[in-house]
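Contents: one structure, followed by commentary.
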Amino acid sequence: MKYFKIYSALLLLLGLIVSCEEDLKVEVPADAVNPELSAPETGGTYILEKVNEENVFATFEWSDADFVIPVVEEYSIDVDIKGGDFSKNYVIASGISSPHEVTVGDFNKALLAAGFVDGEAHDIVLRVSANHHLATETIEMNVTTYFDAEPWTVIGSAVGGWDEANDQYMTYDKDNDVYTINLDMTPGEFKFRAPKKGDDAWAYNYGLTGDSEVIENAEGVELTQDGANVLTLGGNYTITLDVTNETFSIVQNSAGDLTNWTDVVLDAVGTGVSADNPDATADGSSWNWGNVLLPDNEGKPTASGSLFTWTWTGIILEADEGFKLRTLNGVAAPQNDISFDVGYGALDVENSSDKVVDKDGNFSVTEKGEYTITIEIDAANGDAKTVTIEEYTQYPEAVYLVGDATAYGWDTPGTKAEAVMHKIAGGDANLGVFWKIAYLEADKGFKISAADWESPNVGFGEVTEFDANGQTVSDNGGNMSITASGMYTIVIDLRGGTTKVSVTEVKVYGIGDAFGGWTEDVEANMFTVDNTAKTVTSPALTGNASIRSYVDHEWIPDWWNAEFVPNEGVIEYRNDGGDPSAIDGTTGQVVTYMFDDNTCSIN
């Protein structure tokens with residue numbers, strides 16, 4: 001049997017047409033059966049929120065209508081203001097079947113389209129109708145709609161962590177075009193992000209334009225995409241985010257119940273503090289014990305959330321003599337009225353030099369020399385104090401790749417800028433690691449050296465350990481050598497008093513919106529190495545966005561530690577600094593790097 005829409009079926013099959021001033025009126029058979037709505041139930045008050053837009057608001061279930069005659073039944077969920085007659089034909093969804101789920105976002109959009117003003121509570125009626133003629137009984141509810149703005153959140157260790165469960169959704173203020181939130185935060189870090197904007201929750205995130213810092217009360221603080229984390233000491237805060245102007249404001253309404261060690265000055269004191277330290281002075285306090293030396297930064301700490309750190313870099317310590325760390329002169333600090341002193345019991349033995357020993361509860365070293373001392377106070381952990389003492393290592397400002405295996409020959413290191421190896425970002429923990437991508441000729445020698453052949457001057461014999469997972473490196477007259485020509489990633493690690501060298505195949509990847517997302521080491525985003533042309537070339541960009549690329553290596557912890565971008569024909573390396581320049585790319589473009597002379601192209 002051939003089925004028709006209700007209008008044609010009723011007109012053609014039944015002829016139940018009544019003429020009234022040339023208008024047509026469709027009549028349904030008297031014995032037709034209306035659908036019956038079994039869910040949701042009537043009643044209830046609901047406040048819709050953008051944060052829940054993907055959640056199911058309600059599932060509508062109903063029985064089929066029976067028109068008695070053969071028709072194609074089309075169902076819709078209709079809406080009207082309470083007391084309305086549905087004559088305006090506003091629908092929530094159409095062309096549906098039972099059961100049908102309606103999300104918060106779709107429900108809100110439909111209500112706005114029907115003229116219900118956002119931000120206000122509305123008494124509405126809903127029904128399911130078949131072809132807008134046979135309908136269920138209505139259900140009522142009170143619903144507050146929202147302005148459909150992109151949701152932004154506060155996220156980070158200060159609010160519980162960095163995963164989705166800790167997104168703290170902000171409220172959008174349509175009148176002022178800003179997002180606001182009042183919340184408690186613990187000492188830690190936070191950023192802003194739009195987790196529902198696209199497939200990658202971190203594709204749109206804002207942090208500080210400079211380095212991470214503690215910000216407790218400020219207005220109009222500048223933000224930038226992928227910027228640094230904001231640090232907080234904890235408490236209750238009101239935060240306002242202006243996405244349009246890329247700024248935020250923060251007010252600390254009340255401080256957390258934590259000790260504030262900001263600007264508290266410490267000193268190292270005792271006969272173990274050598275008078276050879278240029279800034280050491282005799283202890284004039286009531287202790288009257290040897291010499292006193294303030295830590296770096298005029299004796300004041302750096303802060304990361306609730307963690308406060310004081311550092312003595314290159315302090316000269318006498319052998320077999322004692323010393324302690326204390327608040328300045330052994331008295332209470334004026335900032336928090338607290339005094340303390342610590343000795344060997346606070347030492348992190350595992351992460352300290354084995355030359356550090358216990359001398360009657362004081363610190364002592366078995367060999368005179370330069371050391372680095374750090375003391376950390378964790379205000380969120382009962383002001384727990386941890387001290388590390390390591391032998392001081394002064395890393396070179398720069399090291400260079402040289403030798404007839406390279407494009408740079410045996411010219412004095414430092415005379416060819418293109419030969420410089422690159423530092424990695426990530427703070428003090430990564431100091432002493434350098435890397436470079438270069439073409440190496442087989443069976444020819446190369447070295448890694450500081451400028452003017454100063455230390456370190458690393459040939460085969462100076463290497464403590466070669467990378468077991470890398471290329472085999474051989475002794476070539478005291479120099480290093482490999483057996484196959486090609487492009488390689490060369491890494492030298494000078495940390496811990498050792499010299500490690502790695503030579504591996506080149507692995508360069510793109511990352512970010514220009515390459516389809518922020519997942520690391522995606523095979524489709526891997527660059528192609530051409531050992532004949534001595535180039536490394538990207539796949540075609542998949543988006544119009546900033547170009548970001550990095551070298552992948554086992555000894556480099558994170559992708560952003562060894563990042564670089566193509567900047568007007570020259571490779572711009574991040575080194576140990578902040579984000580490199582934002583270089584816009586266009587879908588379909590290809591980036592080519594020539595690492596031997598640090599040039600590049602975008603085509």
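Structure notes:
- Any hit, the range 334-350, residues being of a type in the set (S, T, Y), open to solvent by less than 70 Å² (accessible area, probe 1.4 Å) and free of Cβ contacts under 8 Å to residues at least 40 places away in the same chain: yes
- Within the range 253-288, being part of a loop (DSSP other than H, G, I, E, B), more than 28 Å from G382 (Cα to Cα), without any contact (Cβ under 8 Å) to a residue 60 or more places away in the chain and open to solvent by less than 30 Å² (accessible area, probe 1.4 Å) holds for N277, A280, D283.
- Test result for V230, among the β-branched types (V, I, T) and within 14 Å of the chain's Cα centre (by Cα): yes
- Positions within the range 378-395 being at pLDDT below 95 and assigned to a strand (DSSP E or B), in sequence order: D378, A384, E390, E391
- Residue among A524, A540, A533 that is assigned to a loop (DSSP other than H, G, I, E, B) and without any contact (Cβ under 8 Å) to a residue 40 or more places away in the chain: A533
- Subset of the range 108-128 that is within 17 Å of E53 (Cβ to Cβ) and in contact with a Leu (Cβ under 7 Å, 6 or more places away or on another chain) - its residue that is surrounded by the most Cβ atoms within 10 Å (Cβ to Cβ): N108
- Residues located in the range 46-64, provided they are among the hydroxyl-bearing types (S, T, Y) and more than 20 Å from I124 (Cα to Cα): S63
- Note on the range 546-576: residues that are acidic (D, E) and under 16 Å from D596 (Cα atoms) total 1.
- In the range 289-308, the residues that are open to solvent by 30 Å² or more (accessible area, probe 1.4 Å) and either touching a residue at least 40 places away in the same chain (Cβ under 8 Å) or among the polar types (S, T, N, Q) (or both): N291, N297, T302, A303, S304, L307
Residue by residue, here is whether (1) at positive phi; (2) within 37 Å of the chain's Cα centre (by Cα); (3) in contact (Cβ under 8 Å) with a residue 24 or more places away in the chain holds:
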site: T393; (1), (2), (3): no, yes, yes
site: D404; (1), (2), (3): no, no, yes
site: P413; (1), (2), (3): no, no, yes
site: K416; (1), (2), (3): no, yes, no
site: K436; (1), (2), (3): no, yes, yes
site: G477; (1), (2), (3): yes, no, yes
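- Filtered by the rule that a residue be over 36 Å from the mean Cα position of the chain (by Cα), farther than 22 Å from E370 by Cβ and part of a loop (DSSP other than H, G, I, E, B), the range 294-332 gives V331, A332.
- Residues in the range 531-541 include none that are under 20 Å from G227 (Cβ atoms), basic (K, R), modelled with pLDDT of 95 or more and buried (at least 16 other Cβ atoms within 10 Å of the Cβ).
- Hits in the range 479-518 (condition: polar (S, T, N, Q) and touching a residue at least 40 places away in the same chain (Cβ under 8 Å)): N479, S481, T483, S485, T489, T499, S502, T504
- The set of residues from the range 494-520 being modelled with pLDDT under 95 and either among the acidic types (D, E) or open to solvent by 50 Å² or more (accessible area, probe 1.4 Å) (or both) comprises R495, G496, G497, D513, G516, W518, T519, E520.
- Evaluation of E53 against (1) open to solvent by 70 Å² or more (accessible area, probe 1.4 Å); (2) touching a helix residue (DSSP H, G or I) at 6+ places or on another chain (Cβ under 8 Å) (one fails), failing number: (1)
- Hey, L24 at pLDDT below 95 and in a strand (DSSP E or B) or not: yes
- Exclusive hit being without any contact (Cβ under 8 Å) to a residue 40 or more places away in the chain, surrounded by fewer than 15 Cβ atoms within 10 Å (Cβ to Cβ) and either among the acidic types (D, E) or in contact with a strand residue (DSSP E or B) (Cβ under 6 Å, 6 or more places away or on another chain) (or both), set E222, E150: E222
- So E563, is it surrounded by fewer than 16 Cβ atoms within 10 Å (Cβ to Cβ), under 24 Å from D467 (Cα atoms) and acidic (D, E): no
- Selection within the range 118-158 - farther than 25 Å from L223 by Cα, modelled with pLDDT under 90 and within 44 Å of the chain's Cα centre (by Cα): D118, G119, Y146
- Test: V356 is surrounded by 17 or more Cβ atoms within 10 Å (Cβ to Cβ) and touching a residue at least 40 places away in the same chain (Cβ under 8 Å): no
- Filter result for the condition that a residue is at pLDDT below 90, over 30 Å from P151 (Cβ atoms) and β-branched (V, I, T), over V33, V68, V51, V72: V72
The values are calculated or read from the model by the stated rules, or taken from the named source; none is laboratory data. Since we're looking at a predicted model, the values are computed, not measured. Cβ: placed from backbone, ideal geometry, glycine included. Neighbour counts: every protein chain shown. Protein only, heavy atoms only, side chains kept; ligands, DNA and RNA dropped before computing areas. Shrake-Rupley method; radii C 1.70, N 1.55, O 1.52, S 1.80 Å.
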